[in-house]
1. Kindly establish whether VAL71 is crowded, with 23+ Cβ neighbours inside 10 Å, touching a helix residue (DSSP H, G or I) at 6+ places or on another chain (Cβ under 8 Å) and either of a type in the set (Lys, Arg) or outside any strand (DSSP E or B) (or both).
2. Is it the case that GLU79 is open to solvent by 70 Å² or more (accessible area, probe 1.4 Å), over 23 Å from the mean Cα position of the chain (by Cα) and of a type in the set (Asp, Glu)?
3. Would you pick out the residues in region 264-308 that are buried (at least 21 other Cβ atoms within 10 Å of the Cβ), over 24 Å from the mean Cα position of the chain (by Cα) and free of Cβ contacts under 8 Å to residues at least 60 places away in the same chain?
4. Please verify whether region 83-93 includes one or more residues that are within 14 Å of ALA13 (Cα to Cα) and open to solvent by less than 20 Å² (accessible area, probe 1.4 Å).
5. Exactly one of (1) without any contact (Cβ under 8 Å) to a residue 24 or more places away in the chain; (2) open to solvent by 30 Å² or more (accessible area, probe 1.4 Å) is unmet by GLY46. Its number?
6. Within region 133-171, track down each residue that is of a type in the set (Gly, Ala, Ser), part of a loop (DSSP other than H, G, I, E, B) and open to solvent by 10 Å² or more (accessible area, probe 1.4 Å).
7. Assess whether LEU52 counts as being in contact (Cβ under 8 Å) with a residue 12 or more places away in the chain, over 21 Å from ARG186 (Cα atoms), open to solvent by 30 Å² or more (accessible area, probe 1.4 Å) and part of a strand (DSSP E or B).
8. Quick one: in region 1-43, of everything that is in contact (Cβ under 8 Å) with a residue 40 or more places away in the chain and among the polar types (S, T, N, Q), which residue is most open to solvent (accessible area, probe 1.4 Å)?
Amino acid sequence: MKTVAVIVQDGFAPFEFGVACEAFGLDRSDDGIPNFDFKVVTPTPGVVTSKLGFSLNVDDDLSFAYTADLVVVSPTPREWWDNTDPRVLDVVRDAAARDAWLLSVCSGSFILAQSGVLDGRKATTHWMYADTMARMYPAIEVDPDVLYVQDGRIITSAGTAAGLDACLHLLRQELGAEMTNTIARRMVVPPQRDGGQAQYIQRPLPEVSSLSLAPVTDWMLENLRADLTVDQLAAKAHMSARTFARRFKADYGTTPASWLGRQRIIHAQRLLEQTDYGLDRIAEECGFGSASVLRQNFTRVLGTTPTAYRNTFCCEIGTGGSALERRAEELAGSAA
């Protein structure tokens with residue numbers, strides 16, 4: 001992925017638009033991150049007004065989007081959800097037809113829905129509008145409880161900040177875990193949030209909400225190799241196992257076992273990129289026990305094998321080159 005086009009139209013949402021600019025438009029070459037050829041485009045170049053009243057002056061029409069490796073769609077006003085500019089819909093359909101990446105932020109998914117590219121696919125949008133999408137577009141399987149959905153090379157994200165999660169998810173596939181972690185650190189956000197947007201749907205506050213589980217999750221990260229049980233973790237938190245499991249689900253949107261499994265996968269990615277450890281050693285370091293269990297979990301979560309992942313993202317062990325440096329050189333060379 002070398003070229004990125006972000007489509008804006010009158011009434012665009014500034015934060016969601018900014019998410020795409022932050023993820024793909026900034027120069028991070030001082031951190032060894034390759035830059036993307038990034039452009040903001042619009043159907044008719046000129047002044048484009050945001051929903052908050054201020055404007056952008058956009059110089060580029062949609063031509064660049066027809067060749068971009070990634071087309072990002074930012075939200076438009078609700079009254080446009082079934083009446084998008086036909087020129088934008090054509091770009092979206094073209095991107096899907098040529099197997100480019102498509103990513104929508106928040107209710108930008110309605111533009112993808114109207115284009116027809118989501119028919120027969122899974123997708124998400126902001127939880128406030130999920131029922132509306134399901135009603136307007138019954139051919140789409142709408143999941144209201146997740147931060148983002150990837151179906152093939154189309155990624156739809158939930159409300160506002162979930163757009164960052166979706167962007168980082170895509171960057172992780174294109175650049176690897178280590179580069180993406182570097183980008184996330186620059187953004188001062190976690191590289192991978194677990195749980196889903198169901199955590200943010202309006203509901204009564206839990207009766208007990210003051211005790212932080214952060215010391216327990218920190219300890220879990222320091223002891224990934226160990227066979228950690230809910231009973232052990234509950235004891236660490238000075239709670240009963242039932243109370244701990246309930247509190248963990250409320251705070252993190254997932255079970256302790258699921259959260260721990262995801263952290264082990266992230267650590268395995270890091271070791272595959274930065275070391276020459278064999279799979280048995282990596283499995284041991286990450287708490288999977290055996291290479292076969294590592295392969296099973298890695299493939300289930302990331303859709304690729306550990307060996308294939310290492311071939312794509314590993315550093316040159318013993319040459320002094322980091323994964324960031326090597327990947328940056330590869331992408332710079334292919335761009336040249």
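1. So VAL71 does not fit the description; no.
2. Values: open to solvent by 70 Å² or more (accessible area, probe 1.4 Å): yes; over 23 Å from the mean Cα position of the chain (by Cα): yes; of a type in the set (Asp, Glu): yes.
So GLU79 passes the test.
3. Residues satisfying the conditions are LEU279, ILE282, ALA283, PHE288.
4. Filtering region 83-93 down to residues within 14 Å of ALA13 (Cα to Cα) leaves none.
Looking through region 83-93, none of the residues is within 14 Å of ALA13 (Cα to Cα) and open to solvent by less than 20 Å² (accessible area, probe 1.4 Å).
5. Tallying (1) without any contact (Cβ under 8 Å) to a residue 24 or more places away in the chain; (2) open to solvent by 30 Å² or more (accessible area, probe 1.4 Å), GLY46 fails exactly one: (2).
6. Within region 133-171, the subset of a type in the set (Gly, Ala, Ser) is 134, 139, 152, 157-159, 161-163, 166.
Keeping just the survivors that are part of a loop (DSSP other than H, G, I, E, B) gives 139, 152, 158-159, 161.
ALA139, GLY152, GLY159, ALA161 - these are the residues of region 133-171 that are of a type in the set (Gly, Ala, Ser), part of a loop (DSSP other than H, G, I, E, B) and open to solvent by 10 Å² or more (accessible area, probe 1.4 Å).
7. Values: in contact (Cβ under 8 Å) with a residue 12 or more places away in the chain: yes; over 21 Å from ARG186 (Cα atoms): yes; open to solvent by 30 Å² or more (accessible area, probe 1.4 Å): yes; part of a strand (DSSP E or B): no.
Spelling it out, it is not the case that LEU52 is in contact (Cβ under 8 Å) with a residue 12 or more places away in the chain, over 21 Å from ARG186 (Cα atoms), open to solvent by 30 Å² or more (accessible area, probe 1.4 Å) and part of a strand (DSSP E or B).
8. SER29
The values are calculated or read from the model by the stated rules, or taken from the named source; none is laboratory data. Since the structure is predicted, the reported quantities are computational estimates derived from the model, not experimental observations. Every residue, glycine among them, receives a Cβ derived from its backbone with ideal geometry; neighbour counts consider all protein chains shown. Accessible surface is based on the protein model in full, side chains and every heavy atom, while ligands, DNA and RNA are left aside. Shrake-Rupley method; radii C 1.70, N 1.55, O 1.52, S 1.80 Å.
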